[in-house]
Amino acid sequence: AQSVTQLDSHVSVSEGTPVLLRCNYSSSYSPSLFWYVQHPNKGLQLLLKYTSAATLVKGINGFEAEFKKSETSFHLTKPSAHMSDAAEYFCVVSDNTGFQKLVFGTGTRLLVSP
Amino acid sequence: GAVVSQHPSWVICKSGTSVKIECRSLDFQATTMFWYRQFPKQSLMLMATSNEGSKATYEQGVEKDKFLINHASLTLSTLTVTSAHPEDSSFYICSARPNRETQYFGPGTRLLVL
């Protein structure tokens, strides 16, 4: 079965500094991996996805993630945090079969201070 | 981008009553929709997969007689929480899939059972 582990429940950064949100995955076959962001009172928004093409995936709002098979990791990064980046971030794996059900990590809350 | 709506956005009901939540894809057709629940400060847990014109597929541990799902058209799925109890209080989120690779999430419905 597929699973993802988000290593930090909270990450605090200052505005303008880099962001690193860590995610490790477990999958019995080549996974599809996603990062979603959840702002209060808004629907989940897809930041980026990896589907076995390029290992470095660029997403919206300056975010990117690198798929590292040897480390079973898919960490999310951004060079410079903005106040509007404060939200809950979910690392997600898809089972790539049948209905392609999504399995969510426990989430990382990103706090951005001025 | 594609829009998925949920109605109501929040609902308060008395214990023992039933509550219906609607999920609509506004600008695309979705043969498959998913229902999730999210407890406070926790991740999303898939409850069931809803397929237009057929019975829903429930995840292990989800009572199908308590959480009735109807996917009557390509743009509408409903989740009915029957005989709701306080432990059913949660944030219910739906998603709709226009194709195999893409999934769009609704803004969620907050249910409080008194």
Residues to consider are A:N24, A:N61, A:N41; find the one that is of a type in the set (S, T, N, Q) and in contact with a Ser or Thr (Cβ under 7 Å, 6 or more places away or on another chain). A:N24
Failed item in (1) in contact (Cβ under 8 Å) with a residue 12 or more places away in the chain; (2) over 12 Å from the mean Cα position of the chain (by Cα), with B:K20 passing the rest: (2)
Restricting to the stretch B:47-68, name every residue that is in a strand (DSSP E or B) and more than 13 Å from chain A (Cβ to nearest Cβ). B:F67, B:L68
Have a look at B:A84, B:A96 and point out the one that is in contact (Cβ under 8 Å) with a residue 60 or more places away in the chain, among the hydrophobic types (A, V, I, L, M, F, W, C) and either in a loop (DSSP other than H, G, I, E, B) or out of contact with any strand residue (DSSP E or B) (no Cβ under 8 Å at 6 or more places or on another chain) (or both). B:A84
Would you check if B:C23 is within 12 Å of another protein chain (Cβ to nearest Cβ) and buried (at least 16 other Cβ atoms within 10 Å of the Cβ)? yes
May I ask you to verify whether B:S9 is more than 25 Å from B:P86 (Cα to Cα) and within 13 Å of chain A (Cβ to nearest Cβ)? no
Only one residue in B:L111, B:L44 is within 11 Å of another protein chain (Cβ to nearest Cβ) and in contact (Cβ under 8 Å) with a residue 24 or more places away in the chain, so which one is that? B:L44
Considering every residue within the stretch A:23-38, establish whether at least one is more than 29 Å from B:P98 (Cα to Cα), modelled with pLDDT of 95 or more and of a type outside the set (F, W, Y). no
Among residues belonging to the stretch A:13-28 that are buried (at least 18 other Cβ atoms within 10 Å of the Cβ) and closer than 12 Å to A:L111 by Cα, point out the one that is farthest from the chain's Cα centre (by Cα). A:V13
Please indicate, with yes or no, whether at least one residue in the stretch B:53-66 is within 10 Å of the chain's Cα centre (by Cα) and within 28 Å of A:A87 (Cβ to Cβ). no
For B:A30, which of the numbered conditions (1) in contact (Cβ under 8 Å) with a residue 60 or more places away in the chain; (2) buried (at least 17 other Cβ atoms within 10 Å of the Cβ); (3) assigned to a strand (DSSP E or B) fails to hold? (3)
For the stretch A:26-69, the count of residues that are in contact with a strand residue (DSSP E or B) (Cβ under 8 Å, 6 or more places away or on another chain), away from chain B (no Cβ under 14 Å) and among the hydroxyl-bearing types (S, T, Y) equals 3
Would you confirm whether or not the stretch B:1-24 contains a residue that is hydroxyl-bearing (S, T, Y) and within 30 Å of A:S3 (Cβ to Cβ)? no
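The values are calculated or read from the model by the stated rules, or taken from the named source; none is laboratory data. Computed from a prediction, not measured in an experiment: that's the story for all the values here. Neighbour counts run over all protein chains shown; Cβ positions are idealised from the backbone, glycine included.
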